[in-house]
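Enquirer: The structure that follows is given in the form of C-alpha coordinates.
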Amino acid sequence: MAMLETEENLDPEDWGAFRALARRGLDDALSLLEEAREGPVWRPFPEEKARGLEEPLPRGPMAFSQVLDLLRERVLPYRTGNIHPRFWGWVMGTGTADGVVADLIASAMNPHCAGYDQSASVIEGRALAWMREIFRFPATSAGLFVSGGTAANLIGLTVARNERGGAGLKQQGLRGGAALRVYASAETHSWLGACCELLGLGRAAICELAVDDDFRIDVEALRRAIAEDRERGLLPFCVVGNAGTVNTGAVDPLDELADLCREEGLWFHVDGALGGLAMLSSRGALLAGIERADSVAFDLHKWGYLQYEIGCALVRDGAAQARSFAASPAYLEAHGRGIQPGPLILADLGIQLSRGFRALRAWVAFKTHGADKIGRIIDQNIDQVAAFAARVKAEPRLELLAPVSLNVACFRYRAEGLTEPEQDAFNRELLLRIQESGIAVPSSTRIRGRFALRIANANHRSRSCDFESLLAALKDIGGALEAAPTRGMVAMSED
Ligand SMILES: *Cc1c(COP(=O)(O)O)cnc(C)c1O
(Lines give C-alpha, C1' and ligand atoms only; values in the text may rest on other atoms or scores of the structure.)
Protein backbone atom coordinates (compact mmCIF):
# COMPACT_ATOMS: atom_id res chain seq x y z
CA MET A 1 0.00 0.00 0.00
CA ALA A 2 1.44 3.31 -1.02
CA MET A 3 1.89 5.77 1.81
CA LEU A 4 -0.26 8.84 1.56
CA GLU A 5 1.68 12.06 1.10
CA THR A 6 0.04 13.47 4.21
CA GLU A 7 1.02 10.65 6.54
CA GLU A 8 3.84 11.49 8.91
CA ASN A 9 6.12 9.78 11.36
CA LEU A 10 8.82 10.85 13.80
CA ASP A 11 11.78 9.15 12.14
CA PRO A 12 14.54 11.24 10.57
CA GLU A 13 13.97 12.17 6.94
CA ASP A 14 17.65 11.74 6.21
CA TRP A 15 19.07 8.84 8.18
CA GLY A 16 22.61 9.53 7.02
CA ALA A 17 22.56 13.08 8.33
CA PHE A 18 20.86 11.94 11.53
CA ARG A 19 23.48 9.26 12.18
CA ALA A 20 26.22 11.89 11.96
CA LEU A 21 24.40 14.09 14.47
CA ALA A 22 23.63 11.12 16.72
CA ARG A 23 27.34 10.24 16.80
CA ARG A 24 28.03 13.80 17.86
CA GLY A 25 25.52 13.41 20.69
CA LEU A 26 27.14 10.14 21.74
CA ASP A 27 30.57 11.77 21.58
CA ASP A 28 29.37 14.61 23.79
CA ALA A 29 28.03 12.06 26.25
CA LEU A 30 31.18 9.96 26.33
CA SER A 31 33.40 13.04 26.61
CA LEU A 32 31.63 13.86 29.85
CA LEU A 33 32.86 10.56 31.24
CA GLU A 34 36.30 10.55 29.66
CA GLU A 35 36.90 14.04 31.03
CA ALA A 36 35.00 13.50 34.28
CA ARG A 37 38.06 14.40 36.35
CA GLU A 38 38.52 17.78 34.68
CA GLY A 39 36.76 20.89 35.88
CA PRO A 40 34.84 21.52 39.07
CA VAL A 41 32.79 18.74 40.63
CA TRP A 42 29.74 20.96 40.53
CA ARG A 43 28.91 24.41 39.25
CA PRO A 44 25.74 26.39 39.85
CA PHE A 45 23.30 26.71 36.96
CA PRO A 46 23.47 30.42 36.05
CA GLU A 47 20.07 32.00 36.24
CA GLU A 48 20.19 33.50 32.75
CA LYS A 49 20.95 30.09 31.27
CA ALA A 50 18.09 28.53 33.18
CA ARG A 51 15.80 31.37 32.11
CA GLY A 52 16.84 30.79 28.52
CA LEU A 53 15.12 27.42 28.71
CA GLU A 54 11.81 28.91 29.76
CA GLU A 55 9.51 28.93 26.77
CA PRO A 56 5.97 27.93 25.90
CA LEU A 57 5.22 24.57 24.31
CA PRO A 58 7.17 24.50 21.04
CA ARG A 59 4.54 24.09 18.32
CA GLY A 60 7.00 23.81 15.47
CA PRO A 61 10.25 21.93 14.91
CA MET A 62 13.84 22.92 15.60
CA ALA A 63 16.71 21.33 13.72
CA PHE A 64 18.09 18.38 15.69
CA SER A 65 21.56 19.88 15.38
CA GLN A 66 20.31 22.99 17.18
CA VAL A 67 18.69 20.87 19.87
CA LEU A 68 22.05 19.17 20.40
CA ASP A 69 23.71 22.59 20.58
CA LEU A 70 21.30 23.57 23.32
CA LEU A 71 22.11 20.42 25.24
CA ARG A 72 25.82 21.03 24.88
CA GLU A 73 25.60 24.62 26.03
CA ARG A 74 22.86 24.66 28.61
CA VAL A 75 22.32 21.17 29.90
CA LEU A 76 25.48 19.06 29.92
CA PRO A 77 27.66 21.44 31.97
CA TYR A 78 25.16 21.89 34.80
CA ARG A 79 24.84 18.38 36.14
CA THR A 80 24.65 17.09 39.70
CA GLY A 81 28.31 16.22 39.49
CA ASN A 82 28.11 12.62 40.63
CA ILE A 83 30.08 11.44 37.62
CA HIS A 84 33.10 13.31 39.05
CA PRO A 85 35.72 11.40 41.11
CA ARG A 86 35.32 13.79 44.05
CA PHE A 87 31.56 13.60 44.43
CA TRP A 88 30.60 11.87 47.68
CA GLY A 89 27.40 13.66 48.67
CA TRP A 90 24.29 11.73 49.80
CA VAL A 91 24.65 8.25 48.27
CA MET A 92 25.05 8.57 44.54
CA GLY A 93 26.51 6.20 42.03
CA THR A 94 28.68 7.37 39.18
CA GLY A 95 27.43 5.52 36.11
CA THR A 96 29.59 3.71 33.57
CA ALA A 97 30.52 4.19 29.92
CA ASP A 98 29.16 0.76 29.02
CA GLY A 99 25.95 1.80 30.75
CA VAL A 100 25.60 4.71 28.33
CA VAL A 101 25.74 2.33 25.39
CA ALA A 102 23.46 -0.21 27.08
CA ASP A 103 20.90 2.52 27.64
CA LEU A 104 21.14 3.63 24.04
CA ILE A 105 20.51 0.10 22.82
CA ALA A 106 17.72 -0.54 25.33
CA SER A 107 16.16 2.70 24.19
CA ALA A 108 16.33 1.72 20.52
CA MET A 109 14.85 -1.73 21.18
CA ASN A 110 12.29 -0.09 23.44
CA PRO A 111 10.92 -3.39 24.70
CA HIS A 112 7.95 -3.60 27.03
CA CYS A 113 9.36 -5.56 29.95
CA ALA A 114 6.24 -7.03 31.49
CA GLY A 115 7.34 -10.54 30.55
CA TYR A 116 6.59 -11.11 26.86
CA ASP A 117 8.34 -13.85 24.88
CA GLN A 118 11.41 -11.86 23.88
CA SER A 119 15.13 -11.55 24.53
CA ALA A 120 14.59 -8.78 27.09
CA SER A 121 12.66 -11.15 29.38
CA VAL A 122 15.50 -13.68 29.26
CA ILE A 123 18.16 -11.02 29.91
CA GLU A 124 16.19 -9.58 32.80
CA GLY A 125 15.57 -13.04 34.25
CA ARG A 126 19.27 -13.83 34.02
CA ALA A 127 20.34 -10.53 35.62
CA LEU A 128 17.88 -11.16 38.43
CA ALA A 129 19.21 -14.70 38.92
CA TRP A 130 22.68 -13.16 39.35
CA MET A 131 21.30 -10.83 42.02
CA ARG A 132 19.82 -13.82 43.85
CA GLU A 133 23.19 -15.53 43.62
CA ILE A 134 24.93 -12.50 45.16
CA PHE A 135 22.58 -12.60 48.15
CA ARG A 136 22.50 -16.43 48.26
CA PHE A 137 18.75 -16.52 47.82
CA PRO A 138 17.21 -19.90 46.88
CA ALA A 139 15.89 -20.89 43.46
CA THR A 140 12.35 -20.53 44.78
CA SER A 141 12.91 -16.84 45.49
CA ALA A 142 11.78 -14.08 43.15
CA GLY A 143 12.52 -10.42 42.80
CA LEU A 144 12.27 -7.49 40.48
CA PHE A 145 14.33 -4.63 39.13
CA VAL A 146 12.61 -1.38 40.04
CA SER A 147 13.35 2.33 40.00
CA GLY A 148 15.41 2.36 43.19
CA GLY A 149 15.73 1.56 46.85
CA THR A 150 12.47 3.20 47.85
CA ALA A 151 10.48 1.20 45.31
CA ALA A 152 12.36 -1.98 46.23
CA ASN A 153 11.68 -1.44 49.94
CA LEU A 154 8.02 -0.79 49.12
CA ILE A 155 7.84 -4.18 47.40
CA GLY A 156 9.33 -5.94 50.42
CA LEU A 157 7.08 -4.15 52.91
CA THR A 158 3.97 -4.76 50.77
CA VAL A 159 4.58 -8.51 50.59
CA ALA A 160 5.34 -8.50 54.33
CA ARG A 161 2.05 -6.73 55.06
CA ASN A 162 0.05 -9.01 52.80
CA GLU A 163 1.62 -12.21 54.10
CA ARG A 164 1.78 -11.41 57.80
CA GLY A 165 -0.83 -8.69 58.26
CA GLY A 166 -3.79 -10.99 58.79
CA ALA A 167 -6.03 -12.98 56.46
CA GLY A 168 -8.26 -11.18 54.00
CA LEU A 169 -6.21 -8.00 54.07
CA LYS A 170 -5.78 -7.85 50.31
CA GLN A 171 -9.52 -8.02 49.80
CA GLN A 172 -10.80 -6.10 52.82
CA GLY A 173 -8.06 -3.56 53.27
CA LEU A 174 -6.87 -2.67 56.73
CA ARG A 175 -10.30 -2.00 58.24
CA GLY A 176 -11.15 -3.93 61.35
CA GLY A 177 -8.08 -5.99 62.20
CA ALA A 178 -5.51 -5.33 64.89
CA ALA A 179 -3.19 -2.40 64.23
CA LEU A 180 -0.06 -3.61 62.44
CA ARG A 181 3.42 -2.86 63.75
CA VAL A 182 6.75 -2.73 61.93
CA TYR A 183 10.04 -2.39 63.84
CA ALA A 184 13.13 -0.53 62.73
CA SER A 185 15.92 1.48 64.25
CA ALA A 186 15.72 5.24 64.54
CA GLU A 187 18.49 5.38 61.91
CA THR A 188 16.24 3.86 59.22
CA HIS A 189 15.87 5.88 56.01
CA SER A 190 12.75 7.96 55.40
CA TRP A 191 11.37 5.43 52.89
CA LEU A 192 9.81 3.54 55.80
CA GLY A 193 7.57 6.38 56.90
CA ALA A 194 6.56 7.16 53.34
CA CYS A 195 5.78 3.51 52.58
CA CYS A 196 3.76 3.07 55.78
CA GLU A 197 1.66 6.04 54.71
CA LEU A 198 1.25 4.64 51.20
CA LEU A 199 0.29 1.19 52.45
CA GLY A 200 -2.39 2.60 54.71
CA LEU A 201 -0.53 1.54 57.84
CA GLY A 202 0.15 5.07 58.94
CA ARG A 203 3.32 6.27 60.57
CA ALA A 204 1.92 5.10 63.90
CA ALA A 205 2.62 1.55 62.67
CA ILE A 206 6.34 2.19 63.05
CA CYS A 207 8.00 1.24 66.31
CA GLU A 208 11.28 3.14 66.23
CA LEU A 209 14.04 1.47 68.25
CA ALA A 210 17.02 3.13 69.87
CA VAL A 211 20.53 2.42 68.58
CA ASP A 212 23.76 1.58 70.38
CA ASP A 213 27.01 3.57 70.26
CA ASP A 214 27.67 2.13 66.80
CA PHE A 215 24.24 3.23 65.53
CA ARG A 216 23.00 -0.38 65.39
CA ILE A 217 19.53 -1.41 66.50
CA ASP A 218 19.17 -2.48 70.14
CA VAL A 219 17.92 -6.06 69.74
CA GLU A 220 16.93 -6.49 73.39
CA ALA A 221 14.82 -3.33 73.26
CA LEU A 222 13.28 -4.70 70.07
CA ARG A 223 12.41 -7.97 71.78
CA ARG A 224 10.73 -6.08 74.62
CA ALA A 225 8.83 -3.79 72.25
CA ILE A 226 7.39 -6.75 70.35
CA ALA A 227 6.22 -8.39 73.59
CA GLU A 228 4.68 -5.15 74.84
CA ASP A 229 2.89 -4.58 71.55
CA ARG A 230 1.46 -8.09 71.59
CA GLU A 231 0.24 -7.46 75.13
CA ARG A 232 -1.49 -4.29 73.96
CA GLY A 233 -3.30 -6.25 71.24
CA LEU A 234 -1.26 -4.87 68.35
CA LEU A 235 -0.12 -7.14 65.50
CA PRO A 236 3.66 -7.16 64.91
CA PHE A 237 4.33 -8.22 61.30
CA CYS A 238 7.77 -7.08 60.19
CA VAL A 239 11.25 -6.14 61.36
CA VAL A 240 13.39 -3.96 59.11
CA GLY A 241 17.15 -4.39 59.38
CA ASN A 242 19.63 -1.96 57.87
CA ALA A 243 22.55 -3.19 55.79
CA GLY A 244 24.17 0.23 55.92
CA THR A 245 22.20 3.06 57.46
CA VAL A 246 22.01 6.21 55.41
CA ASN A 247 23.58 8.41 58.10
CA THR A 248 26.64 6.43 59.08
CA GLY A 249 26.63 3.17 57.11
CA ALA A 250 26.00 1.16 60.28
CA VAL A 251 24.96 -2.45 59.78
CA ASP A 252 22.34 -3.82 62.15
CA PRO A 253 23.07 -7.26 63.66
CA LEU A 254 21.26 -9.03 60.84
CA ASP A 255 21.85 -12.57 62.09
CA GLU A 256 20.34 -11.72 65.46
CA LEU A 257 17.40 -10.05 63.76
CA ALA A 258 16.89 -13.12 61.56
CA ASP A 259 16.85 -15.33 64.70
CA LEU A 260 14.40 -13.04 66.44
CA CYS A 261 12.08 -12.92 63.42
CA ARG A 262 12.07 -16.69 63.19
CA GLU A 263 11.21 -17.02 66.89
CA GLU A 264 8.49 -14.41 66.64
CA GLY A 265 7.08 -15.41 63.27
CA LEU A 266 7.78 -11.98 61.81
CA TRP A 267 8.79 -11.00 58.29
CA PHE A 268 12.45 -9.97 58.12
CA HIS A 269 13.09 -7.25 55.58
CA VAL A 270 16.57 -5.81 54.99
CA ASP A 271 17.14 -2.36 53.53
CA GLY A 272 20.43 -2.79 51.72
CA ALA A 273 20.01 0.27 49.50
CA LEU A 274 23.26 1.72 50.75
CA GLY A 275 25.38 -1.28 51.68
CA GLY A 276 23.80 -4.46 50.33
CA LEU A 277 26.17 -4.79 47.41
CA ALA A 278 29.10 -5.12 49.81
CA MET A 279 28.10 -8.77 49.34
CA LEU A 280 30.19 -8.57 46.16
CA SER A 281 33.30 -7.48 48.06
CA SER A 282 35.58 -9.34 50.44
CA ARG A 283 33.58 -7.69 53.26
CA GLY A 284 30.43 -9.77 52.75
CA ALA A 285 30.79 -11.15 56.29
CA LEU A 286 29.88 -7.68 57.61
CA LEU A 287 26.37 -8.34 56.34
CA ALA A 288 26.08 -11.88 57.73
CA GLY A 289 22.42 -12.74 58.08
CA ILE A 290 21.24 -10.80 55.03
CA GLU A 291 20.97 -14.12 53.18
CA ARG A 292 18.33 -15.18 55.73
CA ALA A 293 16.02 -12.22 55.09
CA ASP A 294 12.50 -12.73 53.76
CA SER A 295 13.09 -9.76 51.50
CA VAL A 296 16.01 -7.52 50.61
CA ALA A 297 16.08 -4.18 48.83
CA PHE A 298 19.25 -2.80 47.30
CA ASP A 299 20.34 -0.19 44.80
CA LEU A 300 22.41 -0.77 41.70
CA HIS A 301 22.48 2.96 41.03
CA LYS A 302 24.47 3.40 44.24
CA TRP A 303 27.12 0.79 44.96
CA GLY A 304 26.48 -1.04 41.70
CA TYR A 305 27.86 2.11 39.97
CA LEU A 306 25.06 2.02 37.39
CA GLN A 307 23.16 4.93 35.95
CA TYR A 308 19.83 5.96 37.42
CA GLU A 309 17.37 4.40 37.85
CA ILE A 310 17.88 0.86 38.99
CA GLY A 311 17.19 -0.82 42.29
CA CYS A 312 16.24 -4.38 43.06
CA ALA A 313 13.96 -6.25 45.44
CA LEU A 314 14.46 -9.92 46.29
CA VAL A 315 11.77 -11.97 47.99
CA ARG A 316 12.64 -15.37 49.43
CA ASP A 317 9.18 -16.81 48.84
CA GLY A 318 8.65 -16.05 45.18
CA ALA A 319 5.07 -17.28 45.29
CA ALA A 320 4.31 -14.75 48.03
CA GLN A 321 5.58 -11.93 45.85
CA ALA A 322 3.34 -13.07 43.00
CA ARG A 323 0.37 -13.40 45.38
CA SER A 324 0.84 -9.76 46.32
CA PHE A 325 1.00 -8.35 42.82
CA ALA A 326 -0.32 -10.73 40.16
CA ALA A 327 -3.34 -9.59 38.20
CA SER A 328 -5.04 -11.26 35.25
CA PRO A 329 -7.40 -8.94 33.44
CA ALA A 330 -8.96 -10.16 30.19
CA TYR A 331 -6.68 -8.02 28.04
CA LEU A 332 -3.62 -9.75 29.51
CA GLU A 333 -4.89 -13.30 29.06
CA ALA A 334 -2.14 -15.80 28.14
CA HIS A 335 -2.60 -17.95 25.06
CA GLY A 336 -0.03 -20.74 25.35
CA ARG A 337 1.71 -19.63 22.16
CA GLY A 338 2.49 -16.43 20.37
CA ILE A 339 4.17 -13.41 21.89
CA GLN A 340 2.40 -13.84 25.23
CA PRO A 341 2.35 -17.57 25.88
CA GLY A 342 2.15 -17.26 29.68
CA PRO A 343 1.30 -14.73 32.36
CA LEU A 344 3.29 -11.50 32.34
CA ILE A 345 5.54 -12.71 35.09
CA LEU A 346 7.56 -9.52 35.49
CA ALA A 347 4.53 -7.25 35.73
CA ASP A 348 3.05 -9.78 38.15
CA LEU A 349 5.86 -9.19 40.66
CA GLY A 350 5.42 -5.47 41.19
CA ILE A 351 3.15 -2.50 40.66
CA GLN A 352 4.35 -1.45 37.21
CA LEU A 353 2.73 -2.96 34.14
CA SER A 354 4.73 -1.09 31.52
CA ARG A 355 8.37 -1.48 32.40
CA GLY A 356 11.55 -0.33 30.66
CA PHE A 357 14.66 -2.37 29.97
CA ARG A 358 16.79 -1.09 32.85
CA ALA A 359 17.91 -4.67 33.44
CA LEU A 360 20.05 -4.50 30.30
CA ARG A 361 22.32 -1.95 32.00
CA ALA A 362 22.94 -4.40 34.83
CA TRP A 363 23.44 -7.35 32.52
CA VAL A 364 25.92 -5.43 30.36
CA ALA A 365 27.87 -4.19 33.39
CA PHE A 366 28.25 -7.63 34.95
CA LYS A 367 29.19 -9.19 31.58
CA THR A 368 31.63 -6.40 30.72
CA HIS A 369 33.44 -6.06 34.03
CA GLY A 370 32.61 -9.26 35.90
CA ALA A 371 31.29 -9.36 39.44
CA ASP A 372 34.81 -9.75 40.87
CA LYS A 373 36.03 -6.40 39.60
CA ILE A 374 32.90 -4.63 40.78
CA GLY A 375 33.49 -6.27 44.17
CA ARG A 376 37.12 -5.15 44.20
CA ILE A 377 36.08 -1.55 43.60
CA ILE A 378 33.57 -1.81 46.45
CA ASP A 379 36.49 -2.94 48.63
CA GLN A 380 38.53 -0.05 47.27
CA ASN A 381 35.77 2.37 48.30
CA ILE A 382 35.71 0.92 51.81
CA ASP A 383 39.51 1.14 52.07
CA GLN A 384 39.51 4.73 50.82
CA VAL A 385 36.99 5.82 53.43
CA ALA A 386 38.86 3.94 56.19
CA ALA A 387 42.07 5.72 55.18
CA PHE A 388 40.29 9.07 55.05
CA ALA A 389 38.80 8.46 58.50
CA ALA A 390 42.26 7.66 59.87
CA ARG A 391 43.57 10.95 58.45
CA VAL A 392 40.65 12.84 59.98
CA LYS A 393 41.41 11.27 63.37
CA ALA A 394 45.04 12.30 63.10
CA GLU A 395 44.23 15.94 62.27
CA PRO A 396 43.99 18.06 65.43
CA ARG A 397 41.36 20.33 63.84
CA LEU A 398 39.15 17.52 62.49
CA GLU A 399 37.09 14.90 64.28
CA LEU A 400 35.05 11.86 63.34
CA LEU A 401 31.48 11.95 64.62
CA ALA A 402 30.57 8.29 64.07
CA PRO A 403 32.37 4.98 63.66
CA VAL A 404 33.18 4.03 60.07
CA SER A 405 32.08 0.54 59.07
CA LEU A 406 31.45 0.69 55.32
CA ASN A 407 31.79 3.58 52.89
CA VAL A 408 30.42 6.46 54.96
CA ALA A 409 32.31 8.93 57.15
CA CYS A 410 30.77 11.71 59.26
CA PHE A 411 33.14 14.35 60.55
CA ARG A 412 33.56 18.01 61.33
CA TYR A 413 36.07 20.76 61.82
CA ARG A 414 36.66 21.79 65.42
CA ALA A 415 37.08 25.52 65.42
CA GLU A 416 38.62 26.94 68.54
CA GLY A 417 36.46 28.45 71.27
CA LEU A 418 33.04 27.96 69.68
CA THR A 419 29.89 26.75 71.40
CA GLU A 420 28.17 23.71 69.95
CA PRO A 421 25.56 25.72 68.00
CA GLU A 422 28.43 27.85 66.67
CA GLN A 423 30.33 24.73 65.63
CA ASP A 424 27.22 23.66 63.70
CA ALA A 425 27.02 26.99 61.89
CA PHE A 426 30.76 26.96 61.23
CA ASN A 427 30.64 23.49 59.73
CA ARG A 428 27.66 24.28 57.56
CA GLU A 429 29.48 27.28 56.15
CA LEU A 430 32.55 25.09 55.63
CA LEU A 431 30.47 22.49 53.78
CA LEU A 432 28.90 25.08 51.50
CA ARG A 433 32.25 26.68 50.72
CA ILE A 434 33.72 23.32 49.79
CA GLN A 435 30.77 22.54 47.54
CA GLU A 436 30.94 25.99 45.95
CA SER A 437 34.69 25.75 45.46
CA GLY A 438 34.07 22.84 43.08
CA ILE A 439 36.85 20.86 44.80
CA ALA A 440 34.59 18.17 46.19
CA VAL A 441 30.97 17.51 47.09
CA PRO A 442 30.34 16.12 50.55
CA SER A 443 26.84 16.45 52.01
CA SER A 444 25.65 16.79 55.60
CA THR A 445 23.63 15.13 58.29
CA ARG A 446 23.08 15.37 62.02
CA ILE A 447 24.86 12.98 64.35
CA ARG A 448 23.32 13.02 67.85
CA GLY A 449 22.04 16.48 67.06
CA ARG A 450 25.37 17.87 65.84
CA PHE A 451 25.92 19.10 62.29
CA ALA A 452 28.22 16.71 60.43
CA LEU A 453 29.90 16.78 57.05
CA ARG A 454 29.38 13.42 55.45
CA ILE A 455 30.89 11.47 52.60
CA ALA A 456 29.44 8.27 51.14
CA ASN A 457 31.77 6.70 48.63
CA ALA A 458 30.02 4.78 45.86
CA ASN A 459 32.37 6.24 43.29
CA HIS A 460 34.42 3.93 41.08
CA ARG A 461 36.45 6.89 39.79
CA SER A 462 37.73 8.10 43.17
CA ARG A 463 41.41 7.68 43.92
CA SER A 464 43.25 8.11 47.20
CA CYS A 465 44.58 11.48 46.03
CA ASP A 466 40.99 12.71 45.75
CA PHE A 467 40.50 12.23 49.47
CA GLU A 468 43.76 14.07 50.07
CA SER A 469 42.29 16.97 48.07
CA LEU A 470 39.25 16.98 50.33
CA LEU A 471 41.44 16.94 53.43
CA ALA A 472 43.48 19.83 52.12
CA ALA A 473 40.29 21.76 51.35
CA LEU A 474 38.93 21.09 54.83
CA LYS A 475 42.11 22.41 56.41
CA ASP A 476 42.56 25.38 54.07
CA ILE A 477 38.98 26.55 53.89
CA GLY A 478 38.36 25.68 57.53
CA GLY A 479 41.48 27.57 58.56
CA ALA A 480 40.50 30.63 56.52
CA LEU A 481 37.02 30.55 57.99
CA GLU A 482 38.43 30.29 61.49
CA ALA A 483 40.70 33.27 60.86
CA ALA A 484 37.88 35.37 59.41
CA PRO A 485 34.42 34.19 60.42
CA THR A 486 31.74 35.78 58.25
CA ARG A 487 29.25 38.09 59.83
CA GLY A 488 26.35 36.10 58.38
CA MET A 489 27.50 32.97 60.13
CA VAL A 490 25.10 33.08 63.03
CA ALA A 491 24.82 30.07 65.30
CA MET A 492 22.31 27.57 64.02
CA SER A 493 19.31 27.07 66.21
CA GLU A 494 18.93 23.68 67.80
CA ASP A 495 15.98 22.13 66.01
C1 LIG B 1 19.22 5.73 49.10
C2 LIG B 1 18.60 4.95 50.18
C3 LIG B 1 17.26 4.59 50.13
C4 LIG B 1 16.34 5.08 49.04
O5 LIG B 1 16.74 4.57 47.79
P6 LIG B 1 16.42 5.36 46.42
O7 LIG B 1 17.15 4.59 45.41
O8 LIG B 1 16.94 6.76 46.61
O9 LIG B 1 14.94 5.32 46.25
C10 LIG B 1 16.76 3.81 51.13
N11 LIG B 1 17.55 3.38 52.15
C12 LIG B 1 18.85 3.72 52.23
C13 LIG B 1 19.67 3.23 53.38
C14 LIG B 1 19.42 4.52 51.24
O15 LIG B 1 20.72 4.86 51.33
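The values are calculated or read from the model by the stated rules, or taken from the named source; none is laboratory data. What you are looking at is a predicted structure, and each value in this text was computed from that prediction instead of being measured. Cβ placement follows ideal geometry from the backbone for every residue including glycine, while neighbour counts extend to all protein chains displayed. The protein model used for the area step is the full one, side chains on, heavy atoms only, and it has no ligands, DNA or RNA in it. Shrake-Rupley method; radii C 1.70, N 1.55, O 1.52, S 1.80 Å.
Enquirer: With every protein chain left in place, what is the accessible area per residue of the stretch 288-367 in square angstrom, probe 1.4 Å?
Expert: Accessible area per residue, the stretch 288-367: 41 Å².
Enquirer: Give me the dipole magnitude in Debye, nearest 20, for the stretch 96-140 about the Cα centre, with unit charges on the beta carbon: positive for Lys and Arg, negative for Asp and Glu.
Expert: For this selection, approximately 200 debye.
Enquirer: How large, in percent, is the carbon and sulfur part of the accessible surface of the chain at a probe radius of 1.4 Å? Walk me through the numbers on the way to the answer.
Expert: Details: 12550 of 23680 Å².
Solvent-exposed carbon and sulfur of the chain make up 53 percent of the total.
Enquirer: Sort K475, K367 from largest to smallest accessible area, using a 1.4 Å probe on the heavy atoms of the protein chains.
Expert: Greatest to least solvent exposure: K367, K475.
Enquirer: How large is the translational diffusion coefficient of the stretch 61-149 in µm² per second when you combine the Kirkwood radius over alpha carbon pairs with Stokes-Einstein at 25 °C and 0.890 mPa s?
Expert: 146
Enquirer: With a 1.4 Å probe and every protein chain left in place, tell me how much accessible area R43 has, in Å² to the nearest 10.
Expert: Accessible area of R43: about 90 Å².
Enquirer: Hey, can you find the accessible area per residue of the stretch 1-123 for me, probe 1.4 Å, expressed in square angstrom?
Expert: Solvent-accessible surface per residue comes out at 68 Å².
Enquirer: Under 20 Å Cα-Cα from K373, which aspartates and glutamates qualify once same-chain neighbours fewer than 8 residues away are excluded?
Expert: E34, D98, E133, D299, D383
Enquirer: Where a ≥ b ≥ c are the square roots of the eigenvalues of the C-alpha gyration tensor, would you call the chain rounded, which needs a/c under 1.5, or, failing that, prolate if a/b is larger than b/c, or oblate?
Expert: In terms of gyration-tensor shape, oblate.
Enquirer: Whole number please: convex hull volume per residue of the Cα set in the stretch 373-486, in Å³? Don't jump to the answer; show the numbers that get you there.
Expert: On the way: hull volume 10.5 nm³, N = 114.
Normalising the Cα hull of the stretch 373-486 by residue number yields 92 Å³.
Enquirer: Based on a Kirkwood Rh over C-alpha pairs, give the Stokes-Einstein translational diffusion coefficient of the stretch 1-106 at 10 °C and viscosity 1.306 mPa s in µm²/s.
Expert: 95
Enquirer: Can you tell me the length gained on complete extension of the stretch E34 to E197, counting 0.36 nm per residue apart and subtracting the Cα distance?
Expert: On the way: separation 163, 0.36 × 163 = 58.68 nm, distance 4.30 nm.
Taking E34 through E197 to full extension adds about 54.4 nm, to one decimal.
Enquirer: Additional query: Shape of the stretch 83-213 from its Cα gyration tensor (a ≥ b ≥ c, root eigenvalues): rounded if a/c is under 1.5, otherwise prolate when a/b > b/c, or oblate? Display every interim value, and only then the final one.
Expert: On the way: a/c = 2.31, a/b = 1.42, b/c = 1.62.
The shape class here is oblate.
Enquirer: Follow-up question, since we're still on this one. List the residues, sorted by chain then number, that are 5 or more residues from L401 or on another chain and whose placed amide H is less than 5 Å from its amide H.
Expert: Under 5 Å from the amide H of L401 lie the amide H atoms of C410, F411, R412, each far enough along the sequence or on another chain.
Enquirer: Next question. A221 to A483: extension gain in nm, 0.36 nm per residue of separation minus the Cα-Cα distance?
Expert: 89.7 nm
Enquirer: Related question: What whole-number value in Å² describes the accessible area per residue of the stretch 152-257 for a 1.4 Å probe? Don't skip to the end; give the middle numbers.
Expert: On the way: 4420 Å² over 106 residues.
That works out to 42 Å² per residue.
Enquirer: Which value in nm describes the separation of the simple spin-label points at R463 and L432, placed 7 Å from the Cα toward the beta carbon?
Expert: With each label placed 7 Å out from Cα toward Cβ, I get 3.3 nm.
Enquirer: Can I ask one more? Given K302/K475; K170/K367; K49/K367; K49/K302, which pairs have Cα atoms separated by over 32 Å?
Expert: Table pairs above 32 Å Cα-Cα are K170/K367; K49/K367.
Enquirer: Of C238, G200, L154, which is farthest along the charge dipole of the stretch 149-247 in the positive direction, counting Lys and Arg as +1 and Asp and Glu as -1 at C-beta?
Expert: Of C238, G200, L154, it is G200.
Enquirer: Under 14 Å from a label point 7 Å along Cα→Cβ of D212: give me every residue in the stretch 364-408 with its amide N that close.
Expert: Once the point is set 7 Å along Cα→Cβ of D212, 403 turn out to lie under 14 Å by backbone N, inside the stretch 364-408.
Enquirer: Determine, from the Cβ-Cβ distance of Q66 and A327 and an R0 of 51 Å, the FRET efficiency 1/(1 + (r/R0)^6), rounded to the nearest 0.05.
Expert: 0.70
Enquirer: Another question about this same structure. Pairs of Cα atoms under 8 Å, at least six residues apart: use those to get the relative contact order of the chain, whole percent.
Expert: 20
Enquirer: Moving on to the next point. What residues qualify as long-range amide H neighbours of S141, i.e. H under 5 Å apart, gap of 5 or more or another chain, H built at 1.01 Å from N?
Expert: G318
Enquirer: Using alpha-carbon pairs under 8 Å, 6+ residues apart, how would you state the relative contact order of the stretch 341-432 in percent?
Expert: 15
Enquirer: In debye to the nearest 20, how big a dipole does the stretch 81-206 give about its Cα centre with +1 on each Lys and Arg Cβ and -1 on each Asp and Glu Cβ?
Expert: Here the stretch 81-206 has a charge dipole of around 540 debye.
Enquirer: Here's something else I'd like to know. By how many nm would the segment from A394 to Q352 grow when fully extended, if each residue of separation counts as 0.36 nm and the alpha-carbon distance is taken off?
Expert: 10.1 nm
Enquirer: Just check the stretch 269-313 against the gyration tensor rule for me: Cα atoms, a ≥ b ≥ c as the square roots of the eigenvalues, rounded for a/c under 1.5, and otherwise prolate or oblate depending on whether a/b exceeds b/c. Before the final figure, lay out each step's value.
Expert: On the way: a/c = 3.11, a/b = 1.35, b/c = 2.30.
Verdict is oblate for the stretch 269-313.
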